[in-house]
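To start, the structure itself, in structure tokens.
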Amino acid sequence: MNKKQQLVAYFDNLNLFFLGLFLVALPVLFLSTTTDAFVLPKQIALTVIVSLIAISFGIKTIIDGRLKLRASPFHLPVALFIFVSFLSAIFSVNRFDSLTAFVPLLFIGLLYFAFINIVKNQKQLLFILSALILGTVLSSILALFSFAKIYLLPFPYTHVQFFTTFGSLLDQALYLALILPMTGYFTYFFFSTMKGKRHAEAFATENKKNKTGGQAIFFSASFIIILFGLAITVYQLFTTQKPLILPFDLGLQTAFAAISQDAGNVLKSFLLGSGVGTYLIDFTRFKPALYNLNETLWSFTFFRSSSYILEILATTGIMGIASFLFLVFKIVKEDRSFFPILLAVLAALFLPFSFTLVMLFFVLLAIFALIRIQSNPDKYSEMDLYLMSLKKGFVVAVPEDERVSNAEKKHSKVLPVFFFLFLIVIIGIPMYFATRFFISDFIFQRSLVAASENKGLDTYQLQSAAIAVFPYRDVYYRAFSQTNLALANALAVNAQSQDAENQDPQVQQNIVTMIQQAISSARGATTVAPFTSFNWNNLSSVYRSLIGFGQNADQFAVVTLQQAIALDPSSPQQYVELGGIYYQLGQYDEAIRQFQIAIQLKNNYANAYYNLGHALEEKGDLQNALLAYQTVKNLVSNNEENSKKVDQDIAALQSKMEDQKAQQGNQTNTAPVDGEQQPLNVNQPSTTLPERDPQIKIPAPTVTIAPTGAAGKNTNTKTTPAPTQDR
């Protein structure tokens, strides 16, 4: 029996060590070998630590022969929020994206329950708090040294004043701000001679047995370091590194539109939103046209809403926001004196949360729950679970100090085994897919490095391997399609420079194979994430590159870009792209119409006027072309390079008009002059394969026009490969 108790104590201490290690590493962990250097490593650490804790806890339960679990004030709302998030992922319009985003959230929920069942006394709670504060201190020290241009890390990309291990100064500021009150509280606790503070009594008895001098120094020094780290972070946010946050009114509009204006799935969207982790598609589909008036933000696409609570509303619907508000209600009802969790709730109402901040929110929630458990041991006691007869409820939770019959205890020894198997299933399935995701991400990052070094074959092989390991991520397919297209273009250009007699048939076959793979991969992205407009833009760009090389490529390019527009109807850039295709095809009337739509959406979009001028010039409407160029000149007057370019175009056009009798009107330009304009260019495909005769047969897209939401018509009909020009 003594040996069994020692093993149980060993596993308890091991799990406590895992928790402490994770909290220390959380704010400072980053890797350069993943596509996301800051968030993904933290997700990997969370997945590994929670899995180790679950396995260790299950083994300990079997050794002990008893299943003991502790209730907490927030176990029901936390479980409900995780369950609703899972439902939203299952029914998401981009299911694979949403399930991928849900897995880390699931592990965050499991982390909460790990805290509740591992930290059992005041000394262990103080250890956890110290680990959390120590990690925050380390990140603050790195921030302070970076600000002073003293770079402690050997990696060149960290040698900037604003480097942060969070990947975002806003995330760093919020993280430090949420931990600072905790360090301030304990600093005050150890130095104050005042008595009777709430929660101080919970630690008083335990700390009488320990030397408090070292603890007082640790917490006071931590408070000062974190305070200075927060101060320089806030300073940078208000001066040199102002964050880009979606305005609150736009976040509110897109959130309510996402749950009320999805013409194809009104009830599902109302109840469960678009799916946890898929705010990108809500933003592109439902952002209002007025967004284009914001000269700072209009060209940006937001993956997070204006605040965490608005993101929950958009992505998990009414059920998601109700479960989160239920959690907030329980927090406020339980106790309003734990300032860090109240500050976290307030931040969630008005600021966006990254994965790191969501995880910190639940860590603070767990700490708050542990403090309440320590303050109310009778209310939240540890319960033994026993198997009973069906008439008694099958599984019954009994307080540890109550007795049950020896027969029931003996019969219940199988319960820990069942519980361990349950943990293996709950952890094992998401862990399997998460591991494949992490491995594929490492491989894909290596392909990006190879691409930057112009190693085409290595890039091709690594991206193919990444897709094979995890075939549910659309960015892999998009990148692989462009890699195949670039390799096919290189081979085609090289073959074109050779005589027909010297051309290798195998090279020609390789070109065809790579083109087919480019199209197949681009289509794969639209299959994995059909409501992501980027994927349809990418597929359209592939077809556009094949105009003159593949049969019907022009029609396929148009119909896929129309689908992209249906999913992002308020973006003027989309219409410039579509107008560019018509311009390339010589269909100038249709090109002019698309450029004019772009101008209607953003009336000071210089590049739309520039493309409109070229289309009018090609059509022969030189007078209106000149007016368009003059509008461009006014809009780009503050940009020397763009001004020089449009002056050359105006000079060339005026020389063309000298031989014609053109009546000059008294029209004046009234377009506003503000904002930073993008470089002027006539819209062209990024890659164009040499024309081929006869053209090869290429796979056609199968397009289902998505509901456009508030900004456009609701069309939900099947479209054949040859598009109808209804725009």
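The values are calculated or read from the model by the stated rules, or taken from the named source; none is laboratory data. Quick caveat, the model's predicted, so the values are computed rather than measured. Counting neighbours? That spans all protein chains shown, and the Cβs are built from the backbone with ideal geometry, glycine included. The protein model used for the area step is the full one, side chains on, heavy atoms only, and it has no ligands, DNA or RNA in it. Shrake-Rupley method; radii C 1.70, N 1.55, O 1.52, S 1.80 Å.
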- FRET efficiency for ASP36 and LEU134 from the Cβ-Cβ distance with R0 = 25 Å, rounded to 0.05, comes out at 0.50
- Message: Using a 1.4 Å probe on the protein heavy atoms, what percent of the accessible area of segment 40-175 belongs to carbon and sulfur?
- Response: 75 percent
- Kirkwood calc, segment 449-579, C-alpha pairs only, radius in angstrom 15.5 Å
- Message: Just to be sure I understand: if I project the alpha-carbon convex hull of segment 524-630 onto a plane and average over all orientations, what area do I get in nm²?
- Response: 6.6 nm²
- Whole-Å semi-axes of the ellipsoid equivalent to segment 96-142 (Cα gyration tensor, √5λ, descending): 27, 19, 4
- ALA9 versus ASN117, label points 7 Å from Cα toward the beta carbon: distance in nm? 2.2 nm
- Sorted by accessible area (1.4 Å probe), largest first, how do MET359, MET514 line up? MET514, MET359
- What span do the alpha-carbon atoms of segment 415-512 cover on each of the three principal axes, reported in whole Å from largest to smallest? 77, 25, 17
- Message: Principal axis extents for segment 1-89, Cα atoms only, whole Å, descending order, please.
- Response: 50, 32, 20
- Message: Tell me the label only: which of (1) 103, 55, 50; (2) 95, 70, 44; (3) 93, 62, 48 is Cα extents along the principal axes in Å as calculated from this structure?
- Response: (1)
- Scoring only Lys, Arg, Asp and Glu (+1, +1, -1, -1) among other residues with Cβ under 10 Å from the Cβ of ASP568 yields +2
- Message: Placing +1 on the Cβ of each Lys and Arg and -1 on the Cβ of each Asp and Glu in the chain, which of MET514, LEU612, LEU26 has its Cα farthest towards the positive end of the resulting dipole?
- Response: LEU26
- Query: Which translational diffusion coefficient, to the nearest whole µm²/s, is obtained for segment 531-573 from the Stokes-Einstein equation, given a Kirkwood hydrodynamic radius over C-alpha pairs, 20 °C and 1.002 mPa s?
  - Reply: 209 µm²/s
- VAL512: net charge of surrounding residues, Cβ under 12 Å, Lys/Arg +1, Asp/Glu -1, itself excluded? +2
- Of all trypsin sites (Lys or Arg not before Pro) in segment 81-181, the ones in DSSP coil with at most 11 other Cβ atoms within 10 Å are LYS149
- At THR296 and LYS379, where each label point lies 7 Å from the Cα along Cα→Cβ, what is the point-to-point distance in nanometres? 4.5 nm
- Item | Residue pairs, from the table LYS120/LYS379; LYS287/LYS645; LYS60/LYS413; LYS633/LYS656, whose Cα atoms sit over 23 Å apart | LYS287/LYS645
- Whole number in Å², please: accessible area per residue of segment 89-148, 1.4 Å probe, ligands, DNA and RNA not counted. 31 Å²
- Note on the structure: In nanometres, the difference between 0.36 nm per residue of separation and the alpha-carbon distance of LYS333 and GLN551 is 71.8 nm
